[in-house]
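**Q** One structure is given below, represented as structure tokens, and several questions about it will come after.
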Amino acid sequence: MKRRIPWGLLFVLPVAAVLLSLVVGRYPVGIGEAMGSLWTGTPHTVHTLILQVRLPRALAAALVGMNLALAGAAFQGMFRNPLVDSRILGVSAGAAFGAALAIIAGVPWYALDGVSFLFGLLAVGLVLLVARRFGGSILVLVISGLLVGSLFSALLGALKYVADPLDELPAITYWLLGSLAGANWLAVEKLLPWTLLGAGALFLFRWRLDLLSLEEREAASLGLDVRRLRAGLVAAGTLLVAAAVSQAGMIGWIGLITPHAARALVGPAHARLLPAAAALGAFTLVSLDLLSRSALASEIPLGVLTGLIGVPAFLLLFMRYLARGGGWG
């Protein structure tokens, strides 16, 4: 039997990453200055840099990474498929279309994330409507998600085609690449309620999620209302992903890779898996955001970084999956 580590130790990682992000950057700050800025007593420039730029950006990155990882872990358990991630139900495609539509319509920047969030919810609402009409099984839900996601991707392509190539198209393209460059305390305030709501709901479902690893009939025989539970999980995961995408753009792979890493460290039981995935997701995205703003003279889009790191990581996981004879855990 594998030896599992205490999942509580994993929460040291995101805290350390956030603290590191306060001192690392183009403007060097000592650890003493950074800590002192939290209680004033430091030069005004350092105080502003830490409290108004780096700290809110790091916290926003932690919340986005947590959201994507939690949704990915929940969806992998619900669909009983290790290759599922947080984008499976089309919420990311819907949110991306909403953001592009807002940019073309001239919606103020502070309202763009709200439009994106609403269209993400609309996309999953369409998925659930189609799935319910045709039986609501896992297969129907997945196919509905693929269809709705493809529809919004096509609509997004149409918007990019008609967008002003000198103004609107670059803004849409940059948003789609994913970034936290504009993250501030308002972004944290917008993310936090949805993170608490979605994460809280998933934590309440943690024991029932374990039962979904059984066949639907077996789970129902144990008194589980599978369809109602599935709807609740979809709703919670949708809130998490829509909030993340509306604030940070399209960031892939976090919802696929980090749940696997958490599962390898603490096991498949969702009571431990969900907190571990949240901690690893937060740590991963805070670290990648730090790399994106520090590695080169210009900022690297987060979607590019997650792709460069996620593809080889996924390849290793997939090869491990094949070597184990198709099993996972």
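The values are calculated or read from the model by the stated rules, or taken from the named source; none is laboratory data. Computed from a prediction, not measured in an experiment: that's the story for all the values here. Heads up, the Cβs are rebuilt from the backbone with ideal geometry, glycines too, and the neighbour counts pull from every protein chain shown.
**Q** For a quick check of your reading: which helices (runs of 4 or more DSSP H) sit entirely within segment 17-121 and have at least 2 residues that are closer than 30 Å to K160 by Cβ?
**A** 55-79, 91-105
**Q** Taking the conditions exactly as written (within 18 Å of the chain's Cα centre (by Cα), closer than 24 Å to L239 by Cβ, surrounded by fewer than 22 Cβ atoms within 10 Å (Cβ to Cβ) and of a type in the set (F, W, Y)), does F119 satisfy them or not?
**A** Against the criterion (within 18 Å of the chain's Cα centre (by Cα), closer than 24 Å to L239 by Cβ, surrounded by fewer than 22 Cβ atoms within 10 Å (Cβ to Cβ) and of a type in the set (F, W, Y)), F119 does not qualify.
**Q** Pull up segment 177-207, narrow it to residues that are under 19 Å from S298 (Cα atoms) and touching a Leu at 6+ places or on another chain (Cβ under 8 Å), then point me to the one that is surrounded by the fewest Cβ atoms within 10 Å (Cβ to Cβ).
**A** Ranking the candidates gives L177 first.
**Q** Hey, among the residues in segment 283-329 that are closer than 24 Å to A181 by Cβ, outside any helix (DSSP H, G or I) and of a type outside the set (V, I, T), which one's modelled with the lowest pLDDT?
**A** Among them, the one singled out is A297.
**Q** Residues to consider are L239, L265; find the one that is within 12 Å of the chain's Cα centre (by Cα) and in a helix (DSSP H, G or I).
**A** The unique qualifying residue is L239.
**Q** Follow-up. Exactly one condition in (1) within 30 Å of W207 (Cβ to Cβ); (2) among the polar types (S, T, N, Q); (3) without any contact (Cβ under 8 Å) to a residue 60 or more places away in the chain is not met by T258; state its number.
**A** The one condition T258 does not meet is (3).
**Q** Still on this structure: Please work out if L159 is at pLDDT 90 or above and either hydrophobic (A, V, I, L, M, F, W, C) or touching a helix residue (DSSP H, G or I) at 6+ places or on another chain (Cβ under 6 Å) (or both).
**A** Details: at pLDDT 90 or above: yes; either hydrophobic (A, V, I, L, M, F, W, C) or touching a helix residue (DSSP H, G or I) at 6+ places or on another chain (Cβ under 6 Å) (or both): yes.
For L159, the condition - at pLDDT 90 or above and either hydrophobic (A, V, I, L, M, F, W, C) or touching a helix residue (DSSP H, G or I) at 6+ places or on another chain (Cβ under 6 Å) (or both) - is met.
**Q** Would you check if S294 is touching a residue at least 24 places away in the same chain (Cβ under 8 Å), more than 17 Å from N81 (Cα to Cα), polar (S, T, N, Q) and surrounded by 20 or more Cβ atoms within 10 Å (Cβ to Cβ)?
**A** On the way: touching a residue at least 24 places away in the same chain (Cβ under 8 Å): yes; more than 17 Å from N81 (Cα to Cα): yes; polar (S, T, N, Q): yes; surrounded by 20 or more Cβ atoms within 10 Å (Cβ to Cβ): no.
Taking the combined requirement at face value, the residue does not satisfy it.
**Q** In the set V226, V234, which member is over 20 Å from the mean Cα position of the chain (by Cα) and touching a residue at least 12 places away in the same chain (Cβ under 8 Å)?
**A** Result of the check over V226, V234: V226.
**Q** Could you look through segment 268-282, keep only residues that are modelled with pLDDT of 90 or more and not hydrophobic (A, V, I, L, M, F, W, C), and pick out the one that is nearest to the chain's Cα centre (by Cα)?
**A** So, considering only residues that are modelled with pLDDT of 90 or more and not hydrophobic (A, V, I, L, M, F, W, C), the one nearest to the chain's Cα centre (by Cα) is G281.
**Q** Identify, please: which residue in segment 58-101 is within 30 Å of S37 (Cβ to Cβ) and touching a Gly at 6+ places or on another chain (Cβ under 9 Å) and is, among those, surrounded by the most Cβ atoms within 10 Å (Cβ to Cβ)?
**A** So the residue we want is L68.
**Q** Also, I was wondering about something else. Look at segment 217-226 and say how many of its residues are surrounded by fewer than 15 Cβ atoms within 10 Å (Cβ to Cβ) and assigned to a helix (DSSP H, G or I).
**A** Total satisfying the criteria: 4.
**Q** Test R80 against the stated conditions and say whether it is among the basic types (K, R), without any contact (Cβ under 8 Å) to a residue 60 or more places away in the chain and out of contact with any His (no Cβ under 7 Å at 6 or more places or on another chain).
**A** Here the answer is no, as R80 does not meet what is asked.
**Q** Hey, among L129, L141, L169, L122, which residue is more than 30 Å from D289 (Cα to Cα) and free of Cβ contacts under 8 Å to residues at least 40 places away in the same chain?
**A** Criteria check complete, one pass: L129.
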